[in-house]
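Report on the following structure.
FYI, it's all coordinate maths here, none of it is from the lab. Predicted model only: the values in this text are computed from it and were never measured. Cβ: placed from backbone, ideal geometry, glycine included. Neighbour counts: every protein chain shown.
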Amino acid sequence: MADGFGLVDPPAGGDVRTEFHVGALPNAPIDDIANLAALAEQLSFDGFWLADSQSIFRDAFGALVLAASRTSSIELGTAVTNPVTRHPAVVAGAAATLDELSGGRAMLGVGVGDSAVHTLGLKPAKLRELEEWTHAVRALLAGGTGAWHGNETRLTWWSKEVPIWFASTGPKSLELAGRVADGVLFQVGAHPDLVRYGLRHIEKGGRTIRRLVRLSCTVDSDRDAARTRARAYATVAAGTIYQAIPPDEMPEGLHADLKRMKENYDYFQHGGAAGRQAELVTDLILDSTSIAGTPDEAVTRLRELSALGVDGFILTTADPAPTMRALAERVLPALRGT
């Protein structure tokens, strides 16, 4: 296996289908977001996931419900909601509504909370709270009684499970995902060493779950243009990696670059290109957290990561429509053998 970002041979067996999902920010009118989900389905992506951050984006569940009405097969999920701003009964009802309308395509992604809680002056949930919240939501969706902060409640009109996915980056969170969740969106970056680290800790959870690497991804025949556009959203992944991954698990020099970026970060410009946000992303940060370059480069790097044994990818970008088209036309066929 190659060290770094070089091409590697595919794993033996070769028939396992790699999943490709789209991650998006609901930072445009929800009609546009729903049309984006329809485009993702048309281009044969497997899933469409929306961030949930009330202060800076449109409501994720509202946008996903509209997306459900314009699609028929693609999976639809939050990437991600959190236990701090969403009570288990509220999120269970929203997830059930989405699942009902979509015909069973809902996916509930949850994490401890990032911009959604920081913009309210609150703190992220503890992993213990995330686990308790997950048990409560799962019980409610199954038609049982869910307990949260000492109070019990029920969902009287629904009794069908919706898959719960964890967004995990730190060692303990990855292990909790492997123990509790139905799937994991592990945002550990695009460097093979970081993906190996993520898989190692997920496996410690002791269960077999779906594993999607969550990446910032921008492709363009103009390499410089792709890398320029990628820098804004790369700050989202970079901040998560800085906070959660132990420095000794990172490629040399990455932790220092991330520290400088985070010290100057503005959460009210989260994922945006305004101000100095994008300028804070060095080449090392960009290549360690993202895939940004030509379609051929993307094929090489995604093939390398796929060979590590992941189930697929959730690819997020600041300019989703052109990137989705470039991926569908120039990248996915090479990786799917079509």
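For the reader, a short list of remarks on this structure follows.
- Karplus-derived 3J(HN,Hα), 6.51/-1.76/1.60, for each residue of the stretch 149-156, Hz, glycine and proline x: 6, x, 10, 10, 8, 9, 10, 7
- Tilt relative to the chain, helix 60-69 - C-alpha long axis, 0 to 90 degrees, to 10: 90
- Counting 0.36 nm for each residue step from Asp283 to Asp193 and taking away their Cα separation leaves a gain of 30.7 nm.
- For Gly77, the residues whose modelled amide H falls within less than 5 Å of its own, excluding neighbours fewer than 5 places apart on the same chain, are Phe48, Trp49, Leu50, Met107.
- Two-site label geometry, Ala147 and Asp224: point separation in nm, points 7 Å out along Cα→Cβ: 6.2
- DSSP beta bridges in the chain [antiparallel fraction, %, rounded to 5]: 10
- 13 Å beta-carbon shell around Val80, net charge (K/R +1, D/E -1): 0
- Helix axis angle, 88-102 relative to the chain longest principal axis, alpha carbon, degrees: 70
- Reach of Lys123 by Cα under 21 Å, taken over lysines that are not fewer than 8 positions away in the same chain: Lys172, Lys259, Lys262
- FRET E, pair Glu297, His135, Förster distance 41 Å, beta-carbon r, rounded to 0.05: 0.45
- Computed from Cα positions, the angle between helix 254-263 and the longest principal axis of the chain comes to roughly 60 degrees.
- The order of Val22, Val180, going from fewest to most other C-beta atoms within 10 Å of their C-beta, is Val180, Val22.
- Simple spin-label estimate for Arg210 and Lys126 in nanometres, 7 Å along Cα-Cβ: 3.2
- Per-pair calculated FRET efficiency, R0 = 25 Å: Thr156 and Ser73 via Cβ, rounded to 0.05: 0.25
- Chymotrypsin sites (Phe, Trp or Tyr not before Pro) lying in DSSP loop within the stretch 144-179, provided at most 10 other Cβ fall within 10 Å: Trp157
- Shape call, the stretch 194-338: gyration tensor on alpha carbons, a/c limit 1.5: oblate
- For the chain: rounded, prolate or oblate by the Cα gyration tensor [a/c cutoff 1.5]: rounded
- Relative contact order, percent, the chain [alpha-carbon distance under 8 Å, six or more residues apart]: 19
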